[in-house]
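The values are calculated or read from the model by the stated rules, or taken from the named source; none is laboratory data. All values derive from a computational prediction rather than experimental measurement. Here Cβ is always computed from backbone atoms with ideal geometry, including for glycine, and neighbour counts include all displayed protein chains. Only protein heavy atoms, including side chains, enter the accessible area calculation; ligands, DNA and RNA are left aside. Shrake-Rupley method; radii C 1.70, N 1.55, O 1.52, S 1.80 Å.
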Amino acid sequence: MDRIFSGVQPTGDLHIGNWLGAVRNWVALQERYDTIICVVDLHAVTIPYEVATLEVRTRDVAIGLMAAGIDPERAILFVQSAVPEHAELNWLFTSVAPLGELERMTQFKDKTEKLESIPAGLLCYPILQAADILLYLANKVPVGEDQLQHLEFTREISRRWNAAYAPDAPYFPEPQALLTPAKRIVGLDGKAKMSKSLGNTVGLLDSPDEIWAKLRPAATDPARVTKKDPGNPEICNLFELHRHFSSPETIAEVDVKCRTAGWGCLDCKRRLADAMIETLAPIRERATELKRDSAGVDAVLARGAERARAIATKTLSETKRRMGFHGAR
Ligand code: AQP
């Protein structure tokens with residue numbers, strides 16, 4: 001069976017971009033693939049963060065994943081820092097990681113743009129990501145479009161490591177991306193990618209009031225200034241969200257009413273809010289239940305880490321043996 005690996009950072013609350021672009025796909029894929037899902041907290045410390053809330057955020061992201069349908073009986077769900085082999089393989093991969101390519105990564109350039117002092121962890125983030133994936137010899141990686149460059153880097157690490165240490169029989173696979181039709185959800189500002197750190201999100205677990213408060217001021221077709229101007233749904237970010245949340249009848253209605261100025265953007269937003277609230281309600285309810293039992297959630301994650309380590313230790317031994325380390329069997 002093919003194995004998939006994917007991860008999510010506990011840098012904030014899960015949002016609908018994470019869900020549409022990745023998490024919903026993981027839930028579907030866990031039926032068909034050997035699935036490993038990780039809350040990647042080691043990645044989250046590459047930018048300034050609040051020490052006091054990291055643990056809770058990490059648990060909350062895991063709760064969001066379970067509420068969205070990740071089944072820890074079927075998939076392995078765990079927290080990255082509970083499996084130290086990630087950090088060790090990361091180090092071993094630095095021996096083949098090309099510095100020039102790390103410096104050219106779009107995410108690195110974006111995230112360091114406004115920083116006075118750049119943590120080395122931010123530069124090396126893609127090496128750790130390669131270690132995350134290859135530690136489980138995963139050959140498929142379901143992600144959003146923003147991760148494609150990093151995944152190409154993982155493939156490069158795999159090729160370089162195999163060439164250096166396993167030239168006759170390649171050990172690491174060259175994993176392929178699995179994208180969804182919602183591979184890049186734009187934020188409520190209508191400009192940048194929906195992103196936890198940009199505050200342009202709708203949270204997966206937001207209450208109906210929070211959803212409406214965020215959608216009300218959201219950017220729409222910039223050319224539509226007054227209610228009487230006809231709009232163009234094709235350039236309206238909220239129409240894209242209708243496509244993911246509303247029924248075909250509502251989508252058709254939105255299309256006509258927008259083009260003919262049959263209603264204002266606020267009417268359109270109200271319909272979207274209603275569809276979103278209805279779609280996300282079961283996830284929110286399951287999350288509320290799970291939050292009542294944080295010890296139970298921690299036990300699930302500990303069991304996930306045990307299962308992950310059983311695979312990780314084996315890969316690490318094989319890697320070290322091929323690299324010639326003393327005592328590696
Ligand atoms: N806007 C998006 N559209 C589609 N997919 C997305 N993903 C993230 N944003 C979108 C996908 O969600 C998975 C988990 O992402 P992550 O939290 O680990 O990393 P990220 O891409 O860095 O997410 P954020 O929200 O942008 O976090 P910050 O602001 O902390 O950097 C990934 O598969 C990602 O592709």
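If contacts are Cα pairs under 8 angstrom and at least 6 residues apart, what is the relative contact order of segment 96-195 in percent? 27 percent.
Where only DSSP H runs of four or more residues are counted, the chain gives -16000 deg cm²/dmol as its mean residue ellipticity at 222 nm, each run worth -39500 (n - 2.57). Taking all Cα pairs closer than 8 Å and separated by 6 or more residues, the relative contact order of the chain comes to 23 percent. About its Cα centre, the dipole of the chain is roughly 280 debye, where the only charges are +1 on Lys and Arg Cβ and -1 on Asp and Glu Cβ. For segment 306-329 versus segment 131-198, the inter-centroid distance based on Cα atoms is 22 Å.
The phi-based Karplus calculation (6.51 cos²θ - 1.76 cosθ + 1.60; θ = phi - 60°) puts the 3J(HN,Hα) values of segment 50-61 at 8, 4, 5, 10, 4, 4, 5, 4, 4, 5, 5, 5 Hz, whole numbers, x for Gly and Pro. The relative contact order of segment 49-164 comes to 28 percent, based on Cα pairs under 8 Å that sit 6 or more residues apart.
Taking the charge dipole of segment 256-316 about its Cα centre, with +1 at Lys and Arg Cβ atoms and -1 at Asp and Glu Cβ atoms, the residue from L290, A261, L301 reaching farthest to the positive side is A261. Protection proxy ranking, highest mean first, for peptides 53-65, 34-46: 34-46, 53-65, where packing is the per-residue count of other beta-carbon atoms within 10 Å, averaged. When the Cα positions of L54, A213, W26 are compared along the charge dipole of the chain, W26 comes out farthest toward the positive end, with charges on each C-beta of Lys, Arg, Asp and Glu. Within the accessible surface of the chain, defined with a 1.4 Å probe on protein heavy atoms only, the carbon and sulfur portion equals 52 percent. Debye-formula intensities of the chain, expressed as log10 I(q)/I(0) at q = 0.11 Å⁻¹, are -0.75 (one equal scatterer per alpha-carbon, no solvent). Note that the chain presents 48 Å² accessible area per residue, ligands and nucleic acids not counted, probe 1.4 Å.
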